[in-house]
Amino acid sequence: MNEDKNIPGNPATSPLNRGGLVRLAILGAGESGVGAAYLASQQGYDVFVSDFGPIADHYKQQLQSWNIKFEENGHTEALILNAAEVVKSPGIPDKAPIVKKLVANNIPVISEIEFAGRYSNAKMICITGSNGKTTTASLTYHILKNAGLNVGLAGNIGKSFAYQVATEKFECYVLEISSFMLDSMYKFKADVAVLLNITPDHLDRYDYKLENYAASKFKITQNQTGTDHFIYCADDAETQKVMAGKEIAAQQLPFSIEKKIEPGAYLDQDNLIINVHQQHFTMSINELALQGKHNIYNSMASGIVAKVLELRNETMRESMGNFRNIEHRLESVGKISGISFINDSKATNVNSTWYALESMTTDVVLILGGVDKGNDYSMLKSLVKQKVKAIVCLGKDNKRIHDAFEDDVEVIVNTSSAAEAAQVAYHLAEKGDTVLLSPACASFDLFKNYEDRGKQFKDAVKEL
């Protein structure tokens, strides 16, 4: 269970109290910020929400209905720098001027997860990694819920953790945790921590140093004790590199598809084997709902969590066999004239696109592009040569994609909308091919977010 949950429901006795109500400022009025505001208001804090940009109408309406003070399109520093503590939304970088001023004034800046964790005694299952965390969190939640556990799903997915802590009474949470969240977490503790992999992503937030990003990911293990569990991929080079010089207090449960590991999970021919504390589980990988090499890893991680919680094998087998993946992650959109369309808009980095291509069993027309975060496309070249017959670029600046793949595919076409990309890809594909939207880039040049990009693509496919 989490330590340091001694900040009581009445904040008058809180160590943050500065006379009267404790003042809490919240930066960012998205899902996490608005959820944190509601929980803080419920707990008796004097809450103020500030967003540097516009606030979405539905969040504005929520804040108004809860009588929570807020501002948008700019920060009033005097109303933020007088806070005892600040909850920062994960998308706001530490380099933002207001965050720098808070740090200079010795005002604690924490994440919504850190804040909400103080008000929950639930068991925390926390999942991070560069790729696969949403799928693994969703699968883990699916297994636990089917087993009858009173479990919530939050973090980078669904309703915010803070809002659920305020409105629900879950005994267990599956939390998808990003590196940005981990950067502002200090006393929060995962009872079960899962680290899937570490590949270059968001390096602009980490001084373009992979070791800084890796250190952030490993914060998932902070505050763990010998009664907790750390589940990780033994085949991941960056994870192994960090572990070689790091003391981990928790019980370690690795998983691998390359070697036999006990305790932990491994492959024996086509069978997934899990052995944890005399808990044994076997399932054919052909029966898994999630197919592809990367999804074997995801299923192993979720399966180990289930065995740590001593769930029944029949429940696990049923859940791992009937799980349906989340929207925008290798989501089948349909088939037109024998051509399959797949929406993988959530692939916002090169590694995610590598996983998507690796799972393809047909020739592919690949839709790539968006906001390039300093991508290194070299890792895709081998798979592109093997499987991709044409690339359709979907973004404002596609030069780096052309430069990377002009020697590997005969056709690279520029488009500037989801509808145009779907049309062009459809005409380039033949019966039996797959049109795969797996952009390897952020979406903010042409779309609100990756969900908007995926939705527009799906709508465009329906119009074909």
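The values are calculated or read from the model by the stated rules, or taken from the named source; none is laboratory data. Source: prediction; values computed, not measured. Cβ atoms come from the backbone with ideal geometry, glycine included; neighbour counts cover every protein chain shown. The accessibility values were calculated without ligands, DNA or RNA, using every heavy atom of the protein model including side chains. Shrake-Rupley method; radii C 1.70, N 1.55, O 1.52, S 1.80 Å.
Here is how the numbers come out for the structure above:
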quantity: Scope the range 304-341; condition buried (at least 23 other Cβ atoms within 10 Å of the Cβ), more than 16 Å from Thr134 (Cα to Cα) and among the β-branched types (Val, Ile, Thr); matching residues; calculated: Ile304
quantity: Qualifying residue in the range 412-425 (condition: open to solvent by 20 Å² or more (accessible area, probe 1.4 Å), among the charged types (D, E, K, R) and modelled with pLDDT of 95 or more); calculated: yes
quantity: Listing of strands (runs of 3 or more DSSP E) fully contained in the range 331-392 that carry 1 or more residues being farther than 20 Å from Asp408 by Cβ; calculated: 331-336, 339-343
quantity: Close pairs from the range 450-464: first free of Cβ contacts under 8 Å to residues at least 40 places away in the same chain, partner in a helix (DSSP H, G or I), Cβ under 6 Å, at least 6 apart; calculated: Gln456/Ala418
quantity: Pick from the range 27-55, criterion among the aromatic types (Phe, Trp, Tyr) and not in a helix (DSSP H, G or I), ranking: most open to solvent (accessible area, probe 1.4 Å); calculated: Phe52
quantity: Residue that is open to solvent by 60 Å² or more (accessible area, probe 1.4 Å), at pLDDT below 95 and more than 22 Å from the chain's Cα centre (by Cα), where the choices are Leu21, Leu16; calculated: Leu21
quantity: Index of the failed condition, Tyr232 passing every other in (1) in contact with a helix residue (DSSP H, G or I) (Cβ under 6 Å, 6 or more places away or on another chain); (2) hydroxyl-bearing (Ser, Thr, Tyr); (3) under 21 Å from Asn322 (Cα atoms); calculated: (3)
quantity: Whichever residue in the range 287-345 is of a type in the set (Asp, Glu) and in contact with a strand residue (DSSP E or B) (Cβ under 7 Å, 6 or more places away or on another chain) and, among such residues, is nearest to Ala418 (Cα to Cα); calculated: Asp344
quantity: Total residues in the range 413-442, condition aliphatic (A, V, I, L, M), within 19 Å of Ala356 (Cα to Cα) and either without any contact (Cβ under 8 Å) to a residue 24 or more places away in the chain or not in a helix (DSSP H, G or I) (or both); calculated: 6
quantity: Test: residue in the range 125-142 that is under 23 Å from Asp228 (Cα atoms) and either surrounded by fewer than 18 Cβ atoms within 10 Å (Cβ to Cβ) or of a type in the set (Lys, Arg) (or both); calculated: yes
quantity: Yes/no for Lys373 being surrounded by fewer than 20 Cβ atoms within 10 Å (Cβ to Cβ) and more than 23 Å from the chain's Cα centre (by Cα); calculated: no
quantity: Filter result (in a strand (DSSP E or B) and over 28 Å from Ile98 (Cβ atoms)) within the range 109-127; calculated: Lys123, Met124, Ile125, Ile127
quantity: Qualifying positions in the range 158-194 - free of Cβ contacts under 8 Å to residues at least 60 places away in the same chain, over 22 Å from Leu309 (Cα atoms) and outside any helix (DSSP H, G or I); calculated: Gly158
quantity: Filtered residue count, the range 71-104, keeping only those that are touching a strand residue (DSSP E or B) at 6+ places or on another chain (Cβ under 8 Å), open to solvent by 50 Å² or more (accessible area, probe 1.4 Å) and among the polar types (S, T, N, Q); calculated: 2
quantity: Glu314 closer than 30 Å to Asn150 by Cβ and among the acidic types (Asp, Glu); calculated: yes
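Matching residues to (1) among the charged types (D, E, K, R); (2) surrounded by 24 or more Cβ atoms within 10 Å (Cβ to Cβ); (3) touching an Asp or Glu at 6+ places or on another chain (Cβ under 6 Å):
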{"site": "Lys145", "(1), (2), (3)": "yes, no, no"}
{"site": "Gly148", "(1), (2), (3)": "no, no, no"}
{"site": "Val151", "(1), (2), (3)": "no, no, no"}
{"site": "Ala154", "(1), (2), (3)": "no, yes, no"}
{"site": "Lys159", "(1), (2), (3)": "yes, no, no"}
{"site": "Gln164", "(1), (2), (3)": "no, no, no"}
{"site": "Lys169", "(1), (2), (3)": "yes, no, no"}
{"site": "Glu176", "(1), (2), (3)": "yes, yes, no"}
{"site": "Ser184", "(1), (2), (3)": "no, yes, no"}
